[in-house]
1. Divide the volume of the convex hull of the Cα atoms of region 1-156 by its number of residues and quote the answer in cubic angstrom per residue.
2. Are any of the pairs K142/K242; K45/K241; K26/K287; K45/K131 more than 25 Å apart by Cα-Cα distance, and if so, which?
3. Between I6 and residues 5 or more places away or on another chain, which pairs have amide H atoms under 5 Å apart, with H built 1.01 Å from N, and which residues are they?
4. Where does each of R16, R200 land when they are ranked from fewest to most other beta-carbon atoms within 10 angstrom?
5. Using the Cα atoms of region 267-412 to build a convex hull, what is its mean projected area in square nanometres?
6. Rounded to whole Å and sorted largest first, list the principal axis extents of the Cα atoms in the chain.
7. Enumerate the calculated ³J(HN,Hα) couplings along region 258-267 in order (Karplus 6.51 cos²θ - 1.76 cosθ + 1.60, θ = phi - 60°), each rounded to whole Hz, writing x wherever the residue is Gly or Pro.
8. Please give the charge dipole size of the chain, origin at the Cα centre, charges +1 on K and R Cβ atoms and -1 on D and E Cβ atoms. Round to the nearest 20 debye.
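Taken together, the values in this text are just the output of simple stated rules run on the coordinates, not laboratory data. Treat the numbers as computed from the prediction; the structure is a model and nothing was measured. Every residue, glycine as well, gets a Cβ built from its backbone with ideal geometry; the counts of neighbours run over all protein chains shown.
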Amino acid sequence: KVVAVIMVGGPTKGTRFRPLSFNTPKPLFPLAGQPMVHHPISACKRIPNLAQIYLIGFHEEREFALYVSSISNELKLPVRYLKEDKPHGSAGGLYYFRDIIMEDSPSHIFLLNCDVCCSFPLPSMLDAHIKYGGMGTMLVIKVSAESANQFGELVADPDTHELLHYTEKPETFVSDLINCGVYIFTPDIFNAIEDVSTNREGRANLRRLSSFEALQSATRILPKDFVRLDQDILSPLAGKKKLYTYETNDFWEQIKTPGLSLKCSELYLAQFRYTSSHLLASGDGEKNAKIVGDVYIHPSAKVHPSAKIGPNVSISANVRVGAGVRLIGCIILDDVEIKENAVVINSIVGWKSSLGRWSRVQACSADGDYNAKLGITILGEAVTVEDEVVVINSIVLPHKILNVSVQDEIIL
Ligand code: GDD
């Protein structure tokens with residue numbers, strides 16, 4: 001049997017995602033109309049002999065309860081949320097729930113970061129892992145040399161695929177091959193995590209003998225039960241014939257900022273063409289709105305037939321889109337109203353917001369510049385943009401009323 005664990009982190013981790021993480025935990029923010037965590041979960045469906053999926057995090061349990069029960073029903077597979085009482089780090093969180101995870105006596109455990117967007121080639125990773133015969137196999141990808149330092153950089157043996165060297169977010173360039181945050185392990189991973197805790201405890205005790213040193217190291221020593229997968233496990237075990245790599249040539253992105261979420265929504269919409277084409281909207285402009293490229297429209301949304309939507313648009317539940325509206329490259333969240341002839345381009349429009357007639361909400365992102373903080377316009381929850389007002393390259397915090405046009409501003 002196989003189980004999958006998805007690390008969903010907690011509220012303190014979502015700060016870069018503001019103002020969109022104020023009242024929705026980041027893992028539930030919709031990409032291509034589905035909660036972020038839904039994409040790795042549905043990828044897990046393709047794993048042979050999968051017994052359970054666990055989400056581990058320190059968000060409030062009630063925030064995940066509804067989603068977890070509906071997805072369990074949909075997949076006919078138990079999906080459980082396990083809440084940590086405090087952050088234990090990416091490996092410590094796994095270890096904390098080891099007894100529950102081992103209940104089904106799995107031979108393999110998939111471990112996925114929730115904030116990555118990729119095709120999750122899990123069955124082929126499993127095959128490769130069994131062939132390599134190590135304790136763990138990590139999904140890796142080549143990125144540009146300039147961007148590599150935001151990730152774990154690594155060196156792998158080109159023939160055996162063994163992980164030879166690993167450094168987390170190094171200051172000087174090591175390699176353009178990076179860690180995708182998707183792993184498969186044998187249950188031996190729990191022993192490796194336990195060793196880190198035990199060693200740390202041993203060192204702490206030693207240091208207690210010399211109070212000067214203890215004082216010095218108190219700030220450096222992490223709690224015994226806080227274990228990071230990258231620094232504490234991957235780095236020391238590289239080159240010991242325990243860890244292997246599986247390289248993907250498919251798409252991969254990390255979802256740290258709202259701008260990147262727009263990019264990832266686009267990637268998942270494009271993937272729907274192959275995996276879930278029934279989720280993509282189609283329309284001819286007569287009975288239905290005119291649809292261009294990949295678009296998701298929630299069944300409860302009402303879109304006027306004279307609107308033109310796409311490419312890369314996702315429209316959530318209960319959204320109302322008026323006559324003559326034009327939407328390009330945007331995420332429209334639940335209960336938004338977009339009145340006649342409004343235009344939205346490269347933007348995220350928060351829950352319950354209202355865009356007036358002939359208003360424009362847009363960003364002129366230099367092509368592909370999703371990383372730049374103001375590459376997109378973001379309206380927080382319940383923002384009102386009055387008729388004919390233009391909002392360009394701005395971030396607007398929740399509950400603001402805009403009655404004059406703004407550009408390149410953060411409206412607090
Ligand atoms: N449950 C739980 N508890 N989850 C946690 C905790 C914790 O205490 N700490 C982190 N996580 C989750 C995050 O939500 C995320 O899904 C994953 O673990 C990794 O988060 P970080 O440890 O903050 O690392 P990162 O996202 O900056 O970088 C990691 O992922 C990159 C790929 O996206 C590293 O492994 C990089 O090397 C890698 O390139």
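1. Numbers: hull volume 21.1 nm³, N = 156.
Enclosed volume per residue, from the Cα hull, is 135 Å³.
2. On the way: K142/K242 22 Å; K45/K241 30 Å; K26/K287 36 Å; K45/K131 22 Å.
Exceeds cut-off: K45/K241; K26/K287.
3. Those lying under 5 Å, H to H, from I6 are Y54, L55, I56, L112.
4. Numbers: R16 12, R200 18.
Taking fewest neighbouring Cβ atoms as first place, the list is R16, R200.
5. Values: hull surface 31.3 nm².
Mean orientational projected area (region 267-412, Cα hull): 7.8 nm².
6. So the three principal-axis extents are 70, 50, 41 Å.
7. The phi angles translate into x, x, 5, 5, 5, 4, 6, 4, 4, 5 Hz.
8. With only Lys, Arg, Asp and Glu charged at Cβ, the dipole is about 500 debye.
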